[in-house]
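Below you'll find the structure, written out as structure tokens, and then a few comments.
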Amino acid sequence: MFHLTVKSGMAKGAGWTISERPLIIGRQSTCDVRILETVVSRRHCEIFLDGEIPRLKHLGSLNPTLVNGLQALDCALEVGDEVRIGSVTFLVVRANAKDFQGDATELLSADTLAEEDSVYLSAPADHAASEVHPKTDSDLTELFQISRVLSRVTRHEGLITALRGFLQSRFSPDAAWLLLMRDPSTPEGHFVNVLSPGSSVKDTTAHAVRERLSRVLKERRGLLFPERTQNGEKVLVRCTMAAPIFFGDHHIGALCIDRTLSERVWCRQDLHFFVALAHLIAPFFGAIDRMEQLEAENRKLRATGEKLGRIVGKSKAMAQVQRMVTMVAPSMQPVLILGPTGTGKELVAGLIHELSSRASAPLVTVNCAAIPRELFESEFFGHEKGAFTGAVARKTGLLEQSHKGTLFLDEVGDLSLEHQARILRAVETGRFRRVGGQEEISADFRVVTATNKELVEEIKAGSFREDLYHRLRAVEIRIAPLNRRRSDIPELVQYFLEAAAAKTGTPLRRLSPKALEYLVELPWPGNVRELKNVMEVAHAVCPEGVIDVADLRAFASVHDRGDIPTPLDDMERDHIMNALEYTNGNLVETARLLGIARSTLYHKLTHHGLKS
């Protein structure tokens with residue numbers, strides 16, 4: 001008795017008796033031996049007994065049937081001949097039927113399907129009648145309903161939940177995995193256990209699934225992969241389906257499900273549906289990714305706006321400072337902040353750090369003018385135990401503390417030439433040694449510096465190193481003194497009064513119009529810091545709800561020179577009179593000379609009782 005048996009592979013040992021009735025081999029469901037491969041025709045070939053001799057007849061397929069490696073159309077077969085159809089190799093043997101594990105009507109070979117070949121994603125005319133299943137219309141309706149459900153999802157969690165429901169309803173899988181490739185920092189992708197999103201995926205399972213998903217991503221084809229497994233004496237069939245998820249040319253990931261039963265559970269029609277489902281969900285992943293990206297950008301912009309709001313003032317000078325901070329914060333370039341004492345240089349340095357990618361790391365602030373000369377190296381570089389008398393333990397220096405963060409050198413213009421030379425290499429390379437140490441340490445820090453000195457003039461005077469200046473000044477931000485941006489004073493006053501009220505838990509005070517005008521006209525040599533102190537004191541000591549000029553004169557703009565200062569009101573009246581005398585009473589020229597608007601001049605003339 002002649003038999004046809006599978007020589008190797010997952011179906012090894014499966015066999016069929018060769019008799020006078022032709023044994024039809026092909027992809028069609030009515031075939032005696034079914035091979036689910038696209039290179040196998042629906043009716044590929046047949047094998048039968050011609051008298052006492054086994055015979056093979058090719059049935060017109062464009063893909064060949066090989067006998068012992070040679071293409072065959074119609075030939076006799078002998079014991080030991082190998083017949084290859086698609087990826088399956090058969091062997092002609094003579095044996096008793098009891099020697100076989102049992103007949104099989106379908107070989108468990110992998111089947112693949114390109115997206116454009118799915119009956120649900122292309123015109124019906126593109127497919128043979130055997131590819132169109134009676135359930136095609138209902139499947140299309142189901143896919144449409146799925147798209148309606150997904151259109152209302154706005155979060156990835158909701159998308160996974162909806163996907164779990166679709167898969168359970170249609171396929172009842174034992175397991176389902178989603179490999180997401182959205183994060184560039186993890187090129188291998190992130191596994192999601194769709195049926196149990198909170199649980200992890202075992203390494204062994206992940207490795208096996210990843211191999212199949214890597215294949216479908218590489219080939220951009222869906223995969224149906226059945227295999228036999230042994231459970232005691234019972235032979236089971238484990239079916240796995242996988243499909244790539246693409247949004248245009250962008251890899252979203254891949255989807256995979258499997259189920260194990262005593263018989264094959266999914267067919268090529270299921271693969272058509274599964275590939276269409278993966279195609280359908282792809283744009284929703286892309287849309288939600290984009291939505292979350294935009295939301296993250298909006299949150300970042302709002303946070304940036306809130307932080308920049310701490311730079312109070314709408315003058316051109318402060319608007320330029322805000323623009324510069326926004327521009328330079330994301331970069332790693334060194335920033336030099338220039339401006340008189342009290343203008344808010346430290347605030348700007350803090351914002352640069354907070355708006356940078358290093359915000360989660362420390363901002364280490366160093367007052368260069370306050371470090372004792374003999375402790376400078378120990379403070380900056382740290383020291384080893386026993387490096388000098390009193391060094392009882394290793395100390396981490398300020399440079400090392402600022403690793404991955406920002407080092408802010410305040411009042412850098414006050415560093416001596418000796419100390420400038422010592423920090424130059426460390427600032428430039430990030431490498432230094434602790435005092436008493438032999439090992440060179442590397443620290444990654446961004447340098448932001450500030451000074452109230454004009455470093456260009458200091459360089460000319462020989463008190464600041466030019467090479468260090470150029471190393472620190474990749475970007476320069478200059479903050480104008482308060483008396484050159486008086487339009488910011490009303491907003492600053494309101495800001496400081498509100499802050500004082502919130503800090504003390506007392507009702508908010510407000511300034512009378514004359515008191516505000518009084519503050520606007522003061523010289524403010526201490527800049528914003530001086531204004532802040534005045535507002536805090538005024539809010540604390542003024543019992544009434546309104547702060548007037550008389551309340552401010554007791555502590556605003558009093559700079560002890562050994563005599564009683566002239567009241568500002570009197571000084572202003574005298575100054576206006578001198579200006580009028582100089583211009584021979586020309587009000588337009590007087591206003592120009594004083595740097596104020598004519599309307600302001602008229603108001604002041606009335607206030608001081610001067611004839612206009």
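The 1.4 Å probe gives accessible areas that order 249, 139, largest first, as 249, 139. About its Cα centre, the chain has a charge dipole of approximately 460 debye under the convention of +1 per Lys or Arg Cβ and -1 per Asp or Glu Cβ, with nothing else charged.
Mind scanning 345/385; 404/453; 7/218; 345/404; 314/532; 316/345 and naming the pairs with a C-alpha gap bigger than 25 Å? The answer is 345/385; 404/453; 7/218. Could you tell me which of 118, 456, 496 has its Cα farthest along the dipole of the chain towards the positive end, charges placed at Cβ (Lys, Arg +1; Asp, Glu -1), taken about the Cα centre? Sorting the options by dipole projection puts first 496. If you take every DSSP beta bridge whose two residues both sit in the chain, what share of them, in percent to the nearest 5, is antiparallel? If I count the DSSP bridges inside the chain, around 75 percent turn out antiparallel. Largest to smallest in accessible area, the residues 582, 469 fall in the order 582, 469 (1.4 Å probe, all protein chains included). Using 0.36 nm per residue and subtracting the Cα-Cα separation, the extra length available between residue 218 and residue 499 on full extension is 95.1 nm. As a rough guide to protection, the peptides 424-433, 456-465 ranked by mean Cβ packing within 10 Å, highest first, stand as 424-433, 456-465. Please list, in order, the residues from region 426-440 whose amide nitrogen is less than 18 Å from a point placed 7 Å along the Cα→Cβ vector of residue 467. Residues 426-433 fall inside that zone.
Ordering 252, 283, 241 by Cα displacement along the dipole of region 225-298 toward the positive end leaves 241 in first place; charges were set at the Cβ atoms of Lys, Arg (+1) and Asp, Glu (-1). Per-residue SASA remark: residue 32, around 30 Å² accessible (1.4 Å probe; ligands, DNA and RNA not included).
Here the accessible area of the chain is 51 percent carbon and sulfur, with a 1.4 angstrom probe and all protein chains present. Region 350-397 gives an Rg/Rh value of 1.13, both radii derived from C-alpha positions and Rh following Kirkwood.
Rolling a 1.4 Å probe across all protein chains gives residue 16 an accessible area of roughly 10 Å². Taken about its Cα centre, region 229-302 carries a charge dipole of about 80 debye when Lys and Arg each add +1 at the Cβ and Asp and Glu each add -1 at the Cβ. Accessible surface comparison of 478, 268, 422, 212, probe 1.4 Å, protein chains only, largest first: the order is 478, 422, 212, 268.
Rolling a 1.4 angstrom probe over the protein heavy atoms with all chains in place gives the chain an accessible area of 52 Å² per residue.
Only helices reaching 30 angstrom along their own axis (Cα) with mean Kyte-Doolittle hydropathy no lower than -0.5 count here, and for the DSSP H runs of the chain these are 268-308. Which stretch or stretches of region 495-529 have amide N atoms under 15 Å from the point lying 7 Å from residue 317's Cα along the Cα→Cβ direction? Answer for this model: 520-529. Take the convex hull of the alpha carbons in the chain; its mean projected area over all directions comes to 49.2 nm².
Given a Förster radius of 60 Å and the C-beta distance between residue 53 and residue 422 as r, what FRET efficiency does 1/(1 + (r/R0)^6) yield to the nearest 0.05? FRET efficiency, residue 53 to residue 422: 0.05. For a quick check of understanding: with a 1.4 angstrom probe and all protein chains in place, what accessible area in square angstrom does residue 265 have, to the nearest ten? Approximately 40 Å² of residue 265 is accessible to the 1.4 Å probe. Can you work out the PRE-style zone for residue 460? Point 7 Å along Cα to Cβ, and I want the residues of region 406-439 with backbone N under 19 Å. Zone members listed by number: 413-414.
The values are calculated or read from the model by the stated rules, or taken from the named source; none is laboratory data. All figures in this text were calculated on a predicted structure; none of them were measured in a lab. FYI the Cβ positions are ideal-geometry reconstructions off the backbone, even for glycines, and counts take in every protein chain you see. Surface areas here come from the heavy atoms of the whole protein model, side chains and all, with no ligands, DNA or RNA. Shrake-Rupley method; radii C 1.70, N 1.55, O 1.52, S 1.80 Å.
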